[in-house]
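The values are calculated or read from the model by the stated rules, or taken from the named source; none is laboratory data. Everything numeric in this text was worked out from a predicted model, so none of it was measured. Here the Cβ positions follow ideal geometry from the backbone for every residue, glycine too, while neighbour counts run over all protein chains shown.
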């Protein structure tokens, strides 16, 4: 009997979900992450969950993995030293960049410009030039090219990026430079990334930056994937190994090693894809997601069961041109440390995190500072026993840690803990505003789904700030990212620049160009044994008004040369532009980029209905409890989620515990259990 295993590596815990489609058997596990080498936790967790399920590793047919290896390499500056080869006259392309300075007024005075991923001394020029039509204006000077590459070799670069002018139209020159580089670096373990392979689109800076980012993380990701694959094969797992892309699709282990720039948002993407499955099951179409982990909170917006996609992936100061789910991240997680600066004496929470080691004080690993988790313990929101009793919290250590904050502010223990929770909730609220209000959406039109280790602890309070109801607490919220990894499908994407105003083209020309891209993505899926009949194809065109400096990706249905489809595309663009910016322009539409996306068959987890009850949750009651809420201690009840039945109604305040997470129901709110075991929290009648 074949199983699928979803694995998601977080800052504090690594989550695993193992299931079988035929029987519906599901096993879940959380193991502490190993930041020094994430693969250790993955291997430990995989061995453990196989033993718990009573299966052999060879029974795992699909291993589906969301990873932060590429992200961490960028954030921590641990990428490879990259040598960049550009067309003569473009050596400063990364230093000039774009005239955009992040931040508020006067940020240009204080903003420290980040160092480019490829240093200026590691950037070399080669003579030779292609025209915008792809015709050769001047051939590559091979002697000069060889000399430039010899210079990079002497500099000790670990990876090579080739980004030449107009290479998105023709790969002729880049291919030849790559051949010479292979000769110069013969015998050395060095990777070569070509811009027309990674991003065959116009805009030289974006193409160069994206390809350099790919080259920088490629050796790091390559080592990780190869080592992980070797370890898994070593104890008998022979199934397919796929990694989660930033856009929520899957890519093969080999493709991940070649184009790791598509993995930069791999970790957060798993939660969004898992939320999609839960939302469809619960009959909800519009969802705001709140993924609260140990170090950060990731938020996203799902409209009509479609997550928002963006063409840029942002990691720290780096913004590369690669498709990703529109996920915003803030430094507000269970491990975010509360502190009181001496200068202001005002309480601050994060962005520094206690991480997995030493972790919050209540973990008993030597932590003495006061993260959010300790504040939740002090207030009584987190019982002292987690992970089904296998993980016990040290309440006294939490009290001691939070007391240091209370003493620094000269306030009571519970007031300090409540202040920590209020601040972190406001930080989450701010992130949700960025992906809703600031993009033209009213959060009151959406439900809020909290998941991750701490998402269901904070989602009720955040929903009160947002006005987003109901709050959805999915089954196994602590491992929902692993569920997303395991239920997503293969994805292949191909794009090319088109750059024509609407009067200069027609539907037949567009259809011909899309046909070439379609053949490319279907060929990629065919390598994974997915036939054309089993693939779902989607078509996109990046559109803008002629003269604009940015474009909006729009879905396109006229792939067969339907003339009316182009007009419908323009009308849809006008509507979207007005929604986003409140106005339209009196200018001709311009088709900037064409894109085809191929998706493999969906790997759906069967939806299993739970036993129906009579609305009385008393059979799931574990104990009476006291917690601090709204400035006073209140009576509450702790419930065992595994014993709740469909239709049960739980008045707040209440705590609902399960193996991988804990949910808080606030006073004046009521939680109900739907037919599939999801918990839906709404304000009580009259509130």
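Once the stretch 303-331 is narrowed to residues that are touching a helix residue (DSSP H, G or I) at 6+ places or on another chain (Cβ under 7 Å) and free of Cβ contacts under 8 Å to residues at least 60 places away in the same chain, the residue that is surrounded by the most Cβ atoms within 10 Å (Cβ to Cβ) is 307. A Cβ distance below 6 Å, combined with a sequence gap of six or more or placement on separate chains, defines the contacts here; from the stretch 69-98, residues that are without any contact (Cβ under 8 Å) to a residue 60 or more places away in the chain reach residues that are surrounded by fewer than 22 Cβ atoms within 10 Å (Cβ to Cβ) and assigned to a loop (DSSP other than H, G, I, E, B) in the pairs 88/127.
Quick check on residue 536: is it touching a residue at least 24 places away in the same chain (Cβ under 8 Å), under 24 Å from residue 196 (Cβ atoms) and under 24 Å from the mean Cα position of the chain (by Cα)? Answer is no for this residue.
Please work out if residue 446 is within 30 Å of residue 283 (Cα to Cα) and touching a strand residue (DSSP E or B) at 6+ places or on another chain (Cβ under 7 Å). Answer is yes for this residue. Just to be sure, is residue 346 under 16 Å from residue 402 (Cα atoms), modelled with pLDDT of 80 or more and surrounded by fewer than 19 Cβ atoms within 10 Å (Cβ to Cβ)? For residue 346, the condition - under 16 Å from residue 402 (Cα atoms), modelled with pLDDT of 80 or more and surrounded by fewer than 19 Cβ atoms within 10 Å (Cβ to Cβ) - is met. Of all residues in the stretch 30-53, those being under 21 Å from the mean Cα position of the chain (by Cα), without any contact (Cβ under 8 Å) to a residue 60 or more places away in the chain and surrounded by 16 or more Cβ atoms within 10 Å (Cβ to Cβ) number 2.
When each of 300, 338, 269 is tested for being in a helix (DSSP H, G or I) and either crowded, with 24+ Cβ neighbours inside 10 Å or in contact (Cβ under 8 Å) with a residue 12 or more places away in the chain (or both), the lone residue that passes is 269. Among the criteria (1) under 29 Å from the mean Cα position of the chain (by Cα); (2) in a helix (DSSP H, G or I); (3) surrounded by 21 or more Cβ atoms within 10 Å (Cβ to Cβ), the one residue 426 does not fulfil is (3).
Listed by position, the strands (runs of 3 or more DSSP E) inside the stretch 434-544 whose residues that are touching a helix residue (DSSP H, G or I) at 6+ places or on another chain (Cβ under 8 Å), under 26 Å from residue 49 (Cβ atoms) and not assigned by TED's automatic domain parsing to the domain that holds residue 587 number at least 3 are 447-451. Which of the strands (runs of 3 or more DSSP E) contained wholly in the stretch 172-252 include at least 1 residues that are closer than 30 Å to residue 47 by Cα and touching a helix residue (DSSP H, G or I) at 6+ places or on another chain (Cβ under 9 Å)? Result: 240-244, 250-252. Taking the numbered list (1) farther than 30 Å from residue 282 by Cα; (2) surrounded by 12 or more Cβ atoms within 10 Å (Cβ to Cβ); (3) modelled with pLDDT of 90 or more in turn, residue 554 passes all entries but (1).
For every residue, the table says whether it meets (1) exposed (fewer than 13 other Cβ atoms within 10 Å of the Cβ); (2) closer than 30 Å to residue 520 by Cα; (3) over 31 Å from the mean Cα position of the chain (by Cα); (4) modelled with pLDDT of 90 or more.
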{"site": "569", "(1), (2), (3), (4)": "no, yes, no, yes"}
{"site": "575", "(1), (2), (3), (4)": "yes, no, no, yes"}
{"site": "579", "(1), (2), (3), (4)": "yes, no, no, no"}
{"site": "587", "(1), (2), (3), (4)": "yes, no, yes, yes"}
{"site": "591", "(1), (2), (3), (4)": "no, yes, no, yes"}
{"site": "595", "(1), (2), (3), (4)": "no, yes, no, yes"}
{"site": "600", "(1), (2), (3), (4)": "no, yes, no, no"}
{"site": "604", "(1), (2), (3), (4)": "yes, yes, no, no"}
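A count restricted to the stretch 642-665 and to residues that are in contact with a strand residue (DSSP E or B) (Cβ under 8 Å, 6 or more places away or on another chain), surrounded by fewer than 20 Cβ atoms within 10 Å (Cβ to Cβ) and outside any strand (DSSP E or B) stands at 3. Check 150, 115, 88 and return the single one that is assigned by TED's automatic domain parsing to the domain that holds residue 172, touching a strand residue (DSSP E or B) at 6+ places or on another chain (Cβ under 9 Å) and on the phi < 0 side of the Ramachandran plot. Matching residue, one of 150, 115, 88: 88. Counting only residues that are without any contact (Cβ under 8 Å) to a residue 24 or more places away in the chain, more than 38 Å from the chain's Cα centre (by Cα) and within 29 Å of residue 496 (Cβ to Cβ), the stretch 140-185 holds 1 of them. Residue selection: residue 385 satisfies the criterion of being outside the structural domain of residue 623 (by TED's automatic domain parsing), surrounded by fewer than 16 Cβ atoms within 10 Å (Cβ to Cβ) and in contact with a strand residue (DSSP E or B) (Cβ under 7 Å, 6 or more places away or on another chain).
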